[in-house]
Amino acid sequence: MIKVLHTSDWHLGRKLNGYDQCDAQERALQWIVDTVRDEHIDVVLICGDVYDTKRPGDQQMTMLDNALTKLVSIERDGKPAVDVILIPGNHDSAPMLGYLSRLVTPNLHICASIEDMAKPVMVERGDERLAVYAFPYLYPSSARNPINRLMHEANPDLPEESTLDETTQAVTGAAIQLAARDLAMRRAQDSRFAAILMMHANVASRMRGKIGERLDNYSGGDTEHAASESPFVIGTADAIPSEYFAGTGFDYLALGHIHKPQIVTIVGDGRLPQARYCGSLLAYDADDVKQSEPREGNYRVVDIVTVENGKVTDIVERSVQSGQRRIVNIRGDLNEILGPDNAQYREDFVNIKGTYDPEEHKDPWGEVHAAFRSVLSYSVMPYGEEDQAAADGDAIRRNVDDPMDIMLSFVHDVTNGHRDANESERDVLSEALRRAQGIPQGETSDARVSDAEDKHTERSHKNTNAAA
């Protein structure tokens, strides 16, 4: 039996709306070390974003060094007992994490090289074996050429002029094919082992799309993002359809990048792996926690995966014991917000939203700030103003289902409404959209741009009338 602990998105150094989280991070890391030791974990998968920035400070580097040193130093029967496998995410610096990686202890595997991503880390415990394929975060611009070279080396019959598009789907799809090809060759020799693929990526749950197909017509999946990990993207430009993994032979996808713990539904034909985002080490955004019942630690988890007889036989969650203070959403009239029912949340992180009587409360922010130790967000309005705010929101709300429409609206906004995109700007935007969606040259038509402009102009008139 091999037991695997799946964790990701430590984001060492990140603050929670300005509040330092280093103490909670250190407690969480020590809890992981204790869990690995107490539960006889054999493999620790750290799926990217160990740091919050590409240039972490001394304190964050020391925290990581301490955690990794403790993990790889765990022994059983006088021998190293734990293999730690780490990949860089989009917040990390792959060169920095991978620097001197060949000189570190043999049971610490820092997988930062694109060239080696189709070569698994093989773990053996008794008669049980596990192959772990580890992808660093794949930027299409920098990963396309080396992956394209690997594709040609793996398949000499590919036409010499065959190249990958500079899109997330094309580059990641090719990487998956390379790893699946290697796995198939290994299993042709001996099939008695399980295989895990660890990635730092946005895998869209239930999103369909076979490798090599155009994706501009797909609306996305139902993977739930945390607010802190929801960058502006065009359509499905950064999403990996779950169907990419169908029939690849992997038993488990250990995923990082999305901060909310969740199961990813893989669709398609053939052998379907189980897939999970374990989520971030701590809650890092005011909206990271939606549960109605506040709880210390804010529902952060690791996943423990059991491999036995070459299969994944069990997956359980363990709640991370970080001691991070609860994130609490408090709503209502200001008198209720400040009342005795909410006294239990005085020392927690709070999001405050409500209304107040301006005759009774001359300094509502001062009263809230005095009552609660850590206010993450504050929206308290005089009676009646919340209705006007809602009306204003309705007046400016846009229909954003067309990517070109979003881009044209952006030009309108950044010029403070003084002008729309000119012909040259429209051409640049159209070309950017074409490349982002992997559409062949010429298929993003002028008619599409014109249609988006018409819709934008129509809504602008409606919004002006509504505001009036």
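Tabulated results
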quantity	calculated
Lone qualifier among T35, T7 - being of a type in the set (S, T, N, Q), modelled with pLDDT of 95 or more and farther than 24 Å from N202 by Cβ	T35
Contacts under 6 angstrom Cβ, first residue in segment 141-155 being closer than 17 Å to R435 by Cα, partner modelled with pLDDT of 90 or more and polar (S, T, N, Q), 6 or more apart	none
Odd one out for S191, checked against (1) crowded, with 21+ Cβ neighbours inside 10 Å; (2) over 23 Å from G48 (Cβ atoms)	(1)
Of residues in segment 261-285 being open to solvent by less than 10 Å² (accessible area, probe 1.4 Å) and of a type in the set (A, V, I, L, M), the one nearest to N17 (Cα to Cα)	A283
Segment 134-159: number of residues that are aliphatic (A, V, I, L, M) and more than 22 Å from the chain's Cα centre (by Cα)	5
From the options R331, R326, R318, R295, residue that is in contact with a Ser or Thr (Cβ under 8 Å, 6 or more places away or on another chain) and either under 11 Å from L282 (Cα atoms) or in contact (Cβ under 8 Å) with a residue 12 or more places away in the chain (or both)	R318
Residue match in segment 366-375 (condition: aromatic (F, W, Y), open to solvent by 30 Å² or more (accessible area, probe 1.4 Å) and touching a strand residue (DSSP E or B) at 6+ places or on another chain (Cβ under 9 Å))	no
Spans of strands (runs of 3 or more DSSP E) in segment 41-154 with at least 1 residues open to solvent by 20 Å² or more (accessible area, probe 1.4 Å)	83-87, 108-110, 121-125, 128-134
From S142, S205, S162, residue being among the hydroxyl-bearing types (S, T, Y) and touching a strand residue (DSSP E or B) at 6+ places or on another chain (Cβ under 9 Å)	S205
Single match in V449, V411, V380 (criterion: open to solvent by less than 30 Å² (accessible area, probe 1.4 Å), aliphatic (A, V, I, L, M) and at pLDDT 85 or above)	V380
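The values are calculated or read from the model by the stated rules, or taken from the named source; none is laboratory data. All figures in this text were calculated on a predicted structure; none of them were measured in a lab. All Cβ positions, even for glycine, are placed from backbone atoms using ideal geometry, and neighbour counts span all protein chains on display. Quick note on the areas: whole protein, heavy atoms, side chains included, nothing else; ligands and nucleic acids left out. Shrake-Rupley method; radii C 1.70, N 1.55, O 1.52, S 1.80 Å.
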